[in-house]
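Chemist: Starting off with a structure, shown below.
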Amino acid sequence: MAFNTTRRAMLAGSGAAVALTQAPGAHAQSTGAGGGTPPSSMPVSFTVNGTAAELELDTRVTLLDALREHLELTGTKKGCDHGQCGACTVMVNGTRINSCLSLAVQHQGDEITTIEGLGTPEDLHPMQAAFVKHDGYQCGYCTPGQICSAVATLAEIRAGIPSHVQGDITAAPVFNAAELRERMSGNICRCGAYSNIVEAITEVANSDLGAA
Amino acid sequence: MRPFTYQRVATAAEAAAAVAGNPAAKFLAGGTNLLDLMKLEIERPAHLVDVQDIEGLNAIEQTGDGGLRIGALVSNTALAADERVRRDYGVLTRAIVAGASGQLRNKATTAGNLLQRTRCPYFYDPNLPCNKRNPGSGCAALEGYSRQLAVIGTSDKCIATYPGDMAIALRVLDATVETVQPDGTERTIPFGEFHRLPGDAPEKDNVLAHGELITAVTLPRPIGGEHVYHKVRDRASYAFALVSVAAVIQPDGTGRVAFGGVAHKPWRVEAAEAAMPQGAAAVTAQVFADARPTEHNAFKLPLATRALAGVLAEAKG
Amino acid sequence: MDFNQPAGTNLFDNARVIGKPTPRIDGPLKTTGTAPYAYERHDVAPDAAYGYILGAAIAKGRISAMNVAEARRAPGVVAIVAAPDVAPVGKGMGNVAPLFGGSDVAHYHQAIAVVVAETFEQARAAAALIRVDYDRTPGAFDLARAAPHAGAEEQDDGAGDGGDPQSQQTPKRIGDFADAFAAAPVKVDATYTTPDESHAMIEPHATIAGWDGDKLTLWTSNQMIAWSKSSMAKILGIAEENVRLDSPYIGGGFGSKLFVRADAVCAALAAKEAGRPVKIALQRPLIANNTAHRHATIQRIRLGAGRDGRITAIAHECWSGNLDGQSGEDGTAQTPVLYAGANRLVASRVTHLDLPEGNAMRAPGEAVGHLALEVAMDELAEATGMDPVALRLANEPTGEVPGKPGTRYSERNLTRCLTEGAERFGWARRNARPGAVRDGRWLVGMGVAAGYRGAPTQKSAARVRLEADGLLVVETDMTDIGTGSYTIIAQTAAETMGLPLDRVSVRLGDSAFPAAAGSGGQWGAASSTAGVYAACVALRRKIGEQLGFAADDATFADGRITAGDRSWALTDAGAQVAEDGIAFGDFQKGYDLGTYAGHFAEVAVDAFTGVTRIRRMLAVCDAGRILNPMSARSQVIGAMVMAAGGALMEELVVDTRFGLFVNHDLAGYEVPVHLDIPHQEVVFLDTVDPVSTPLKAKGVGELGICGPGAAIANAIYNATGIRVREYPLTLDKYLDQLPQVA
């Protein structure tokens, strides 16, 4: 099949001027309610790392900002605030999610686990210890999200959740490097510690299996 | 993000009525795309109706005719992991797990996934012209950076692509979308009619009325065959498709195929499927006969052919 | 301490702590989320208000009107600082455009207003209520158009495109390139392009600013504390002693946080206006256009060689652009050093562009220079019929640095990197015929590239405090941007003072501490540890004076001091403090201090779709003494990941109509994810470089990004027989050249 270029591709430049004059600036979005709707706040309660939290929050507050700014649990990181990096990963009722793309008020009654709930510097969770041992991080900013995601990933494999790299989608998934890499791909590490992170998770997975 | 009020509802009818009565209201389910867009003020609801508590929308049930009824709130992860889906509708599981990330799939819902909006970069930048975001402002993508954008079914107003994966599989499976309308009545929408082409109203992604709530997606009886979803992207995971192929291929070489990443909706031309035994090029010649690619995305046409050829070769293998 | 001659034998040659794989001492904090990053300092500014920056909606022009009335009335708003109401701030180091102030717009998403409110949500919403009218002016946004001669023909004068004081304005010539190239029996003449790239560190630029009278404190995320302290003073027109920066943890920088950026300036201005501390993190969609990026380049390389592969003529010309028309991306940086050849020409030319400002990103110059030179070498190997490893070995310089007359190599083991790497990687199994290896639907190939990155040194100071209980506290404004500074500094101090690692506490990133080299240019590890060593030597001498022994002849080990037949506990002199730094003498100018690597990659290219996936990567590095093989390895693998991104997917796409980078978030600007990266192997040669520092160490953090991208490109060629010279190497650029499949 030939590469067809359409008329519009050839028009580039001339038509662009039209777009430019119409274009940009905040005016382009000045329709709508403006500042008309007053902020709305609501009570919300959930538990974080086993501790009850009762908050009165602006409805716009994300779970991420509720943790970081209101509960001062800053272990959960804001990297992009748009679900594109995974630094904000926490577990809600045992399932990992991006806390930046969830309103706090959606979590009434939920049980939330953050990096602070896994371990402390004096008493590391096995996954945290494995990251230290394998140097599974550099700047450390994506690290809490990687670790929460890693803990949840192992649980997801155990629960039989399928993945993109599985050969037979009807079979139970197995622990291997490809599975870990695929399942951890929602956690970007710009420092590029991936190779070490997979080694850290593999060590925990193997010891988990050994214990099971 | 504009201020908004927030409400939880217990029934689908209550939800539909709550949104229908307020032009500035929107449904909230997983929120993974809506909140993203609200932060950029691309979406500006003044009221959110959270549907997570509605009973009965979180189940996958057998239908009377041997199909499956998937509740609107079933998460992408739960749907992909369902044993029946994996066994009988493998293309659906494959498509779901090819999309987004584990975290997002845990939160994203079946209905919400159908409603995710385009990833056109001009749609995402409120400073730039975009007819989908700001009708009448122009389309910056037409002569701009359009590598990811649509090659077929476009209009002079919009060349956005529908970005999802799951819907491509649902299209090939002949799913139907069940809704509750604001007046409380239900309707059933064939999947091929659910998403719109941009035409003169690119701001409308689908045929839902304001306040119409998706309650379920229904799959007809399993059709057997080999189920494949092949997604082509620059990075290996956590990326939107350049082109994707959802296919169900029968042992005799006949089958069905739909394409993602090429249009404003999952792209399937049933008439072209008769050519499957003749090979990929014979199919895509018909599927993309009316394509109008740009300079940047013309590669998607040979790519679609080559991706389908790979799928057919592996199905044979 | 002056370092005026190459180091002799010293305690690091019999090290007990330095050189041992050591888990990061800050690891328990980082893995538990308890290491505090800039935006998270509730402890220092519990009453901080939230700032949110509005970026310009045009690329070039003027703000004709800005109406903040509605925003000011919005709930929770405390203050608004509008750029038209403020004179343009001064420029700090590395700032090409003013970071704030005035009505002129120099680039897209330049900060034009900052809104301060009681909450983040209020500040963000109010910022969207500011109405701005602009007068647009046309700009130059297209490098290929702005540098029309790029890649086309030799420009003898090098003029007309401005000049970069940091790179060659005038072509540097040795011998007679033109004649030698014309006469060469084998020639390569190819032009390569590399796109604009984004640092895309995961922690956004973030600052909490607070004023105490005239004194400003910035809890911020910054790689270069001393530079940025003086820059901040200059930017705001205040006395340098009134500025303090504190940056103990930095969530990635890669050059993006070398200089003060809009978050710090806007937070400082807004905090002044609001009368209370203000915290700002740049929102992700703003970062690509508001801050700096790696410049796009067009590079032409000509290689003339004999049939034996020996290069007789080598020319590398690079074109890039920037707002100031001066500071560009010098892709030629490695070319004078890497290979022999009597007749040479290098030139780096910079043109004016109105895109957001270009600036340093990890290994500025070399990172993209290798993408051209090391592919051209692969093309020369093809043209001569030689193995690419053998070709490089045949062009190993002897004697002086061929492109820098009068300069010697301090230490260079590139041939070992290549030969030992080839052995380890199984290079002999490579099929030299492109497109010949098939694994199912995959075309498989191997590639190699050499790597070079300069190893500059910078003066660096520290203070060491021995407490009465024997704990040693090291204080320096050095930063740890993921590089492992905390740990190597602790190792250095432990080694020098004869203490176990856990008796050393390291405090970094505070401008109240002695000024260190900072984290940039891969000089940080070598320089800052040398500075800490100097401070420790001063402390040893001070203790020696107190206790009456000659410290330089004493042995400090296991918490004790031994001098002759006498012995003391380290703490016998009580609490002591010493401060010193290292200064590097001019003798280093006679040397090219460099690091070298042999990079190897194996890739698979889908014969159907053209998708490329990396199967294996290896780097063999020659970088002096490796202070901590564990964190050094992490630096190298991380750089290899970034190199893979640059080769295969990373590109800030320029919309030349609007003058901006369109894909300005982490969904649009794709960087590698876990699944893109296989297990990576790194080998460090056991080399030391006495010319570099007393520890005989050099950096590795940028070496790792110099070469792997070219190795990947060469592997794609080996897999497919298709040579693409336009990065990133995405499938749309070669799909039509793949084998017929349908």
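Nothing in this text is a laboratory measurement; each read-out follows from the coordinates by a stated rule. The structure presented is a predicted model; accordingly, all values stated were derived computationally and were not measured. All Cβ positions, glycine included, derive from the backbone under ideal geometry; neighbour counts span all protein chains shown.
Chemist: For the stretch A:119-208, what is the charge dipole size about the Cα centre, in debye to the nearest 20, if Lys and Arg each add +1 at the Cβ and Asp and Glu each add -1 at the Cβ?
Modeler: Details: 5 positive and 10 negative charges, 45 e Å.
Dipole size: approximately 220 debye.
Chemist: Enumerate the lysines that residue B:300 could reach by cross-link, defined here as Cα to Cα under 22 Å, with residues fewer than 8 away along the same chain left out.
Modeler: Cross-link targets: B:157, B:231, B:265, C:733.
Chemist: Here is a further query. Along the charge dipole of the stretch A:56-212, Cβ charges K/R +1 and D/E -1, which of A:191, A:86, A:109 sits furthest on the positive end?
Modeler: Selected residue: A:191.
Chemist: Provide, for q = 0.12, 0.16, 0.17, 0.24 Å⁻¹, the log10 of I(q)/I(0) from a solvent-free Debye sum over equal Cα point scatterers in the stretch C:1-101.
Modeler: Listed by q, the Debye log ratios stand at -0.80, -0.99, -1.04, -1.31.
Chemist: Further question: Taking a ≥ b ≥ c as the square roots of the Cα gyration tensor eigenvalues, with a/c under 1.5 meaning rounded and otherwise prolate when a/b beats b/c, else oblate, which class fits the stretch C:43-124? Walk me through the numbers on the way to the answer.
Modeler: Numbers: a/c = 2.37, a/b = 1.42, b/c = 1.67.
Oblate is the answer for the stretch C:43-124, as a/c is 1.5 or above yet b/c matches or exceeds a/b.
Chemist: Here's another thing I want to ask about it. So what is Rg over Rh here for the protein assembly as shown, counting just Cα atoms and using Kirkwood for Rh? Spell out each step's value before the answer.
Modeler: Details: Rg = 30.1 Å, Rh = 31.4 Å.
Value, to two decimals: 0.96.
Chemist: Any lysines with Cα under 24 Å of the residue C:542 Cα? List them, leaving off those in the same chain fewer than 8 positions away.
Modeler: C:459
Chemist: Can you compute the charge dipole magnitude of the protein assembly as shown about its Cα centre, using +1 on each Lys and Arg Cβ and -1 on each Asp and Glu Cβ, nothing else charged? Give it in debye, rounded to the nearest 20.
Modeler: Working: 114 positive and 139 negative charges, 319 e Å.
Using Cβ point charges on Lys, Arg, Asp and Glu, the protein assembly as shown gives about 1540 debye.
Chemist: Let me know the volume per residue of the alpha-carbon convex hull for the stretch A:119-208, in Å³.
Modeler: Values: hull volume 7.8 nm³, N = 90.
Expressed per residue, the convex hull around the Cα atoms of the stretch A:119-208 is 87 Å³.
Chemist: Using only the Cα atoms of chain B, what semi-axes does the equivalent ellipsoid have when each is the square root of 5 times a gyration tensor eigenvalue? Give whole Å, largest first.
Modeler: Numbers: eigenvalues 182, 128, 50 Å².
The three semi-axes for chain B are 30, 25, 16 Å.
Chemist: Now for a different question. Straight-line reach from residue A:78: which lysines have a Cα under 28 Å away, not including same-chain ones fewer than 8 places off?
Modeler: Once the sequence-local lysines are set aside, what remains near residue A:78 is A:133, B:26, B:39, B:107, C:30, C:229, C:257, C:272, C:279.
Chemist: On to the next question. Distance in nm between label sites at residue C:441 and residue B:316, each 7 Å beyond Cα in the beta-carbon direction?
Modeler: 1.3 nm
Chemist: Further question on the same structure: Counting Lys and Arg as +1 and Asp and Glu as -1, each charge on the Cβ, what is the dipole of the stretch A:41-117 about the Cα centre in debye, to the nearest 20? Walk me through the numbers on the way to the answer.
Modeler: Values: 5 positive and 10 negative charges, 63 e Å.
In total the dipole reaches around 300 debye.
Chemist: Now a separate question. Suppose R0 equals 60 Å. What FRET efficiency, 1/(1 + (r/R0)^6) with r the Cβ-Cβ distance, do residue A:206 and residue B:11 give to the nearest 0.05? Present the calculation step by step, with values, prior to reporting the outcome.
Modeler: Working: r = 48 Å, r/R0 = 0.80.
Calculated value: 0.80.
Chemist: Just how many % of Cα pairs in the stretch B:107-150 lie over 13 Å apart, if you round to the nearest whole percent?
Modeler: Values: 537 of 946 pairs.
Tail of P(r) above 13 Å: 57 percent of Cα pairs.
Chemist: Follow-up question, since we're still on this one. Taking +1 at the Cβ of each Lys and Arg and -1 at the Cβ of each Asp and Glu, which of C:445, C:511, C:51 sits farthest along the dipole of chain C towards its positive end, judged by Cα position relative to the Cα centre?
Modeler: Positive-most Cα among the choices belongs to C:445.
Chemist: Let a ≥ b ≥ c be the square roots of the eigenvalues of the Cα gyration tensor of the stretch A:41-117; is it rounded (a/c under 1.5), or, if not, prolate (a/b larger than b/c) or oblate?
Modeler: Numbers: a/c = 1.56, a/b = 1.20, b/c = 1.30.
It comes out oblate by the Cα gyration axes.
Chemist: Could I ask something else about it? Report the gain in length on full extension from residue C:65 to residue C:686: 0.36 nm times residue separation, minus Cα-Cα distance, nm rounded to one decimal. Could you put the intermediate results ahead of the total?
Modeler: Details: separation 621, 0.36 × 621 = 223.56 nm, distance 6.33 nm.
Here the answer is 217.2 nm.
Chemist: Another question, then. Given the options C:315, C:71, C:270, identify the residue whose Cα lies farthest towards the positive end of the charge dipole of chain C (+1 on Cβ of Lys, Arg; -1 on Cβ of Asp, Glu).
Modeler: Value computed over the given set: C:315.
Chemist: How far apart, in nanometres, would the label points at residue C:14 and residue B:156 be if each is projected 7 angstrom from Cα along the Cα-to-Cβ direction?
Modeler: Placing both labels 7 Å beyond Cα along the Cβ direction yields 8.6 nm.
Chemist: Here's something else I'd like to know. Under the rule a/c < 1.5 gives rounded, and otherwise a/b versus b/c splits prolate from oblate, where does chain C land using the Cα gyration tensor?
Modeler: Cα axes put chain C in the oblate bin.
Chemist: Moving to a separate point now. Helix-only mean residue ellipticity at 222 nm, chain C, DSSP H runs n ≥ 4 weighted -39,500 (n - 2.57), per residue, nearest 500. What is it?
Modeler: Details: 16 runs with 173 residues, N = 742.
It lands at -7000 deg cm²/dmol.
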